[in-house]
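First comes the structure, then the notes that go with it.
The values are calculated or read from the model by the stated rules, or taken from the named source; none is laboratory data. Just so it is clear, the structure is predicted and the values come from calculations on it, not from any experiment. Please note: Cβ atoms are built from the backbone with ideal geometry, for glycine as well, and neighbour counts cover all protein chains shown.
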Amino acid sequence: MNRLDSRLSLAHFYVAFSAIIVAGFFGLLQTMVRSEMIVLPSYINYYQLLTAHGVLMALVFTTFFIFGFLHACVVKTVGDFSVGTRRTAWIGFYLMLIGTVLGVIMIVIGEATVLYTFYAPLQASPFFYIALALLVVGTYFAGAADIYQYNKWRKANKGQTSPLLAFMTVATLVLWIIATIGVVATVLFQFIPWSLGLVDTINVTLSRSLFWYFGHPLVYFWLLPAYMAWYVMIPKIIGGKIFSDSLARLAFLLFILFSIPVGFHHQLLEPGISHGWKFFQVVLTFAVIIPSLMTAFSLFATFEVRGRNLGAKGLFGWFKKLPWKDVRFFAPFMGMLMFIPAGAGGIINASNQMNQVIHNTIWVTGHFHLTIGTTVALTFFGVSYWLIPYLNGRVLTKRVNGLGIYQTVLWLVGMSIMSLAMHYSGLLGNPRRTQVTNYNGHSVAEGWGAYETAMAVGGTLLLISLILYFVVLIYSAFYAPKGQEEFPIGEVMDAKLKVPSFLENWKVWIGIAVVLILFAYTVPIIDMIQHSPPGSKGFKFW
Ligand code: HAS
């Protein structure tokens, strides 16, 4: 990769890492407040801290890391950006950065204490919503650069199958662009006019539905880059091969089809949406589990074949043959492992009766600390251990590799303690998003105390892990010995098998996605507009 494109990706990563370290510190403070170990000074509000933590982790860290990674994957596989394309990508970066800075300022001055889901009727300053809009518009510029580069390659290589990583990048971007239509619509047409006082009220059901139209595919926008690393990079790192190119492409396409028309599974307990439509979207939710099961199958096949080639015997002999001392493998593998219980938790959430038990409890917080906080985060850590030195013309040293393994273990143990406590106390009724957890000594609330303390213990390990990660990354980026680190891209097991061309027929796949979305959302949205109770005037938290 040339120096200019490396610099572009690195700029994204530096913002992402700054966000995660600050957000991690806020996370620890939250666990300490909830477990009553500390009381925040009066000028800091718990919900303000929670908003900052959620926005920095879930929106800023992820988006910047992902775009840095996607740019690197595209440039590596389909060629360097031209001056114009690179400029477009930089415009995207700066818009995202301006949006982030503006949003953070609003949160810090207490004008946007609305949590990362910014649900109406909570109202923030119009500048917060403008900041969100800038962040999203910035991603459109960044995404346009990658898609343009992919199309350029296809035109120059007519009839050939595109490189898998470039295809996956485009699939992730297609999902992102379709998904963000919902959040752009609610921010532009509902939140901004309402917060500016141009209209008196906001249709709460509609705004929440448009948010979740975006909010669920958002989680797959986080997951798919991790899957890119699992499908393409992990096979190379372990010395094996990708099980099937076509299967990997199909899994990504199924995410485009099924990840969007499912937002109602976040609203199963909300009024204003009929049961029939909720049921339909839950069915599609179960369909979106399939590409993850395909991914699990493909990974097991890659591991097993590699193990057997190394002489492994028996059903699980391959397990011992994996390169456990290589952080590039170890961190993402631990992410995969944790995705098994995390995914099972998701299936519980999506099941109507069980959702009644866990909705709005801290179980849900446990679920997303396992999915995004463990599976995705550990994979991103694993990627950054080789990608940061690669982009800086340095190498991943033995010492960094060893520290990376410690860092991974600390993260894994911290997250396991914290999210187990969250899941379990959620089942005991412990609510999410509240700092008041003793309810004047009520006997049910008394039972949560030990779990709250466990969360603070987990949170402490996580912050230590983050500090270690940060220090090691600074060393890798600026002080590690110069050299050429590998950018691992796996080959396919049976390279002679041709990838069917219909898998790259974007018009068909996007067309089917649009039909499914229209079917799942048109009637409910018309209903929300026609039959919603009078809109809410809203209120500011603080
Ligand atoms: Fe979720 C709430 C359902 C996946 C994130 N989810 C959330 C929220 C977040 C989130 C952030 O239906 C909270 C939002 C808020 O603030 O309110 N989720 C699901 C389902 C899945 C799922 C069905 N979620 C994710 C992923 C996330 C994420 C991924 C982030 C990255 N989720 C829900 C529902 C709610 C929800 C409800 C709302 C709850 C409520 O009421 O509020 C599925 O996609 C999961 C499928 C996954 C699998 C696992 C496959 C396993 C693999 C690993 C293989 C391992 C290997 C290694 C090969 C079926 C691929 C093995 C090695 C060995 C040695 C064994």
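Give the residue that is nearest to Thr453 (Cα to Cα), with candidates limited to residues of region 27-82 that are among the aromatic types (Phe, Trp, Tyr), assigned to a helix (DSSP H, G or I) and modelled with pLDDT under 95. The extreme case among them is Tyr46.
Within region 138-153, restricting attention to residues that are over 13 Å from Phe67 (Cβ atoms) and in contact (Cβ under 8 Å) with a residue 12 or more places away in the chain, the residue that is surrounded by the most Cβ atoms within 10 Å (Cβ to Cβ) is Gln149. Scoring Ile91 on the criteria (1) buried (at least 20 other Cβ atoms within 10 Å of the Cβ); (2) in a helix (DSSP H, G or I); (3) modelled with pLDDT of 95 or more leaves a single failure, condition (1). The conditions are (1) of a type in the set (Gly, Ala, Ser); (2) without any contact (Cβ under 8 Å) to a residue 24 or more places away in the chain; (3) crowded, with 20+ Cβ neighbours inside 10 Å, and Gly311 fails exactly one of them. Which is it? Failed condition: (3). For Arg208, the conditions (1) buried (at least 22 other Cβ atoms within 10 Å of the Cβ); (2) among the charged types (D, E, K, R); (3) away from the ligand (no atom under 12 Å from the Cβ) all hold with the exception of (3). Looking at region 474-495, can you tell me whether even one residue there is touching a Phe, Trp or Tyr at 6+ places or on another chain (Cβ under 6 Å), surrounded by fewer than 20 Cβ atoms within 10 Å (Cβ to Cβ) and free of Cβ contacts under 8 Å to residues at least 40 places away in the same chain? No, the conditions are met nowhere in region 474-495.
Of all residues in region 352-389, those that are more than 8 Å from the ligand (Cβ to nearest atom), within 21 Å of Ala296 (Cβ to Cβ) and of a type in the set (Ser, Thr, Tyr) total 2.
Criterion applied to Thr434, Thr460 was being over 19 Å from Trp363 (Cα atoms), touching a helix residue (DSSP H, G or I) at 6+ places or on another chain (Cβ under 9 Å) and either touching a residue at least 12 places away in the same chain (Cβ under 8 Å) or surrounded by fewer than 22 Cβ atoms within 10 Å (Cβ to Cβ) (or both), and the one residue passing it is Thr460. Taking the numbered list (1) of a type outside the set (Phe, Trp, Tyr); (2) crowded, with 18+ Cβ neighbours inside 10 Å; (3) within 20 Å of the chain's Cα centre (by Cα) in turn, Ile347 passes all entries but (2). The selection criterion, being in contact with a Pro (Cβ under 8 Å, 6 or more places away or on another chain), surrounded by fewer than 23 Cβ atoms within 10 Å (Cβ to Cβ) and closer than 20 Å to Tyr213 by Cβ, does not hold for Ile260. The set of residues in region 486-517 that are among the hydrophobic types (A, V, I, L, M, F, W, C) and assigned to a loop (DSSP other than H, G, I, E, B) comprises Phe487, Ile489, Met493, Ala495, Leu497, Val499. Among the residues of region 219-232, are any under 16 Å from Ile517 (Cα atoms), among the hydrophobic types (A, V, I, L, M, F, W, C) and within 14 Å of the ligand (Cβ to nearest atom)? No. Taking the listed residues Val174, Val170, Val101, the one that is outside any loop (DSSP other than H, G, I, E, B), free of Cβ contacts under 8 Å to residues at least 60 places away in the same chain and more than 29 Å from Lys537 (Cβ to Cβ) is Val101, with no other qualifying. Leu253: at pLDDT 95 or above, on the phi < 0 side of the Ramachandran plot and buried (at least 24 other Cβ atoms within 10 Å of the Cβ), yes or no? Answer is yes for this residue. Could you go through region 187-195 and let me know if any residue there is more than 9 Å from the ligand (Cβ to nearest atom), over 22 Å from Phe69 (Cα atoms) and assigned to a loop (DSSP other than H, G, I, E, B). Checked region 187-195: no residue is more than 9 Å from the ligand (Cβ to nearest atom), over 22 Å from Phe69 (Cα atoms) and assigned to a loop (DSSP other than H, G, I, E, B). Residue selection: Ala156 fails the criterion of being over 21 Å from Ser259 (Cα atoms), within 16 Å of the ligand (Cβ to nearest atom) and either touching a strand residue (DSSP E or B) at 6+ places or on another chain (Cβ under 6 Å) or without any contact (Cβ under 8 Å) to a residue 24 or more places away in the chain (or both). Among the residues making up region 510-531, a single one is touching a helix residue (DSSP H, G or I) at 6+ places or on another chain (Cβ under 7 Å), exposed (fewer than 15 other Cβ atoms within 10 Å of the Cβ) and more than 24 Å from Leu254 (Cα to Cα): Ile529.
When residues in region 234-266 are screened for being more than 20 Å from Leu497 (Cα to Cα) and within 20 Å of the chain's Cα centre (by Cα), 14 of them pass. Go through the residues of region 340-348 one by one and say whether even a single one is more than 9 Å from the ligand (Cβ to nearest atom) and touching a residue at least 60 places away in the same chain (Cβ under 8 Å). For region 340-348, residues more than 9 Å from the ligand (Cβ to nearest atom) and touching a residue at least 60 places away in the same chain (Cβ under 8 Å): absent.
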